[in-house]
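Novice: Below is the structure I would like to discuss, written out as structure tokens.
The values are calculated or read from the model by the stated rules, or taken from the named source; none is laboratory data. Not measured: the values here are computed from a predicted model. Glycine also receives a Cβ, built like all others from the backbone with ideal geometry; neighbour counts cover every protein chain displayed.
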Amino acid sequence: MRVAIHQPDLLPYSGFWFKMATSDAFVLAVHDQFQKHGYQRRVRMRGTWVSHQLVGKPALVPITQVQVQPGWQGRMVDAIRGRYTGARHFRTRGAELLERIEGASGASLVEVNTALIEVIRDLLGITTPLLRTDPPVGAGIERLIEVVRAVGGDAYLSGTGGTAYLGEDAPQRFANAGVTLEWSRHAMTTGDSIVTVLMDCDDPLEVVLARTDGPEHP
């Protein structure tokens, strides 16, 4: 079983959804540390940042302990409407997206972003189950292997940036643990939020599933 793992980011770019759509299980890494300037709380839409307003100034805490200011639904709807009103598919997909966001609930950053991820997953027609695990005890590659094993996986799908931080010996280290390391072949169209793909593209899932010619096993 192929497993992908990713933090519950805010309406992330298409590569996030490629990993979800091409895996058998997608684990939300809700126990990772909050990154103040990371994609957990912000994302680019039309080339500019859209960010959550948080309660206090969280630092050096797990994502699960971060709270979003109430009223995030209205702020997100306003941000999307302001950037995409004239987009090709705003009158159709945009209306449904905004309605779904307005009806979403959650107070913590994990709850809020997971709710938004579920909305987008439905709009894209992705059926891969979203899973969580108990807090892993390992770090680095060992942490990834631990999570993959926890959900019964035997293959790990790494994002396109994985080669930069996993190290040259990563395939062997995974193999030693009985897990196959595979690499995403997503061909990125835009680094913007998936909302840009939904609003601009006739077939958003086709854009999400676009592949490069590179190998899955470098």
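Here is a yes/no grid of residues against (1) modelled with pLDDT of 95 or more; (2) over 14 Å from the mean Cα position of the chain (by Cα); (3) part of a loop (DSSP other than H, G, I, E, B); (4) among the basic types (Lys, Arg):
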{"site": "Ile126", "(1), (2), (3), (4)": "yes, no, yes, no"}
{"site": "Thr133", "(1), (2), (3), (4)": "yes, yes, yes, no"}
{"site": "Pro136", "(1), (2), (3), (4)": "no, yes, yes, no"}
{"site": "Leu144", "(1), (2), (3), (4)": "yes, yes, no, no"}
{"site": "Val148", "(1), (2), (3), (4)": "yes, yes, no, no"}
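Novice: Check Val208, Val110, Val119, Val195 and return the single one that is of a type in the set (Val, Ile, Thr), touching a Pro at 6+ places or on another chain (Cβ under 8 Å), crowded, with 16+ Cβ neighbours inside 10 Å and closer than 27 Å to Arg81 by Cα. First the steps, then the outcome.
Specialist: On the way: Val208 fails: touching a Pro at 6+ places or on another chain (Cβ under 8 Å); Val119 fails: touching a Pro at 6+ places or on another chain (Cβ under 8 Å); Val195 fails: touching a Pro at 6+ places or on another chain (Cβ under 8 Å).
Answer to the selection: Val110.
Novice: So which of Arg44, Arg75 is closer than 21 Å to Trp17 by Cβ and basic (Lys, Arg)?
Specialist: Testing whether each residue is closer than 21 Å to Trp17 by Cβ and basic (Lys, Arg) leaves just Arg44.
Novice: For residues in the range 101-117 being polar (S, T, N, Q) and in contact (Cβ under 8 Å) with a residue 24 or more places away in the chain, which is farthest from Pro8 (Cα to Cα)? Steps first, please.
Specialist: Residues of the range 101-117 polar (S, T, N, Q): 105, 108, 113-114.
Adding the requirement that they be in contact (Cβ under 8 Å) with a residue 24 or more places away in the chain leaves 108, 113-114.
Values: Ser108: 11, Asn113: 6, Thr114: 6 Å.
Ranking the qualifying residues of the range 101-117, first place goes to Ser108.
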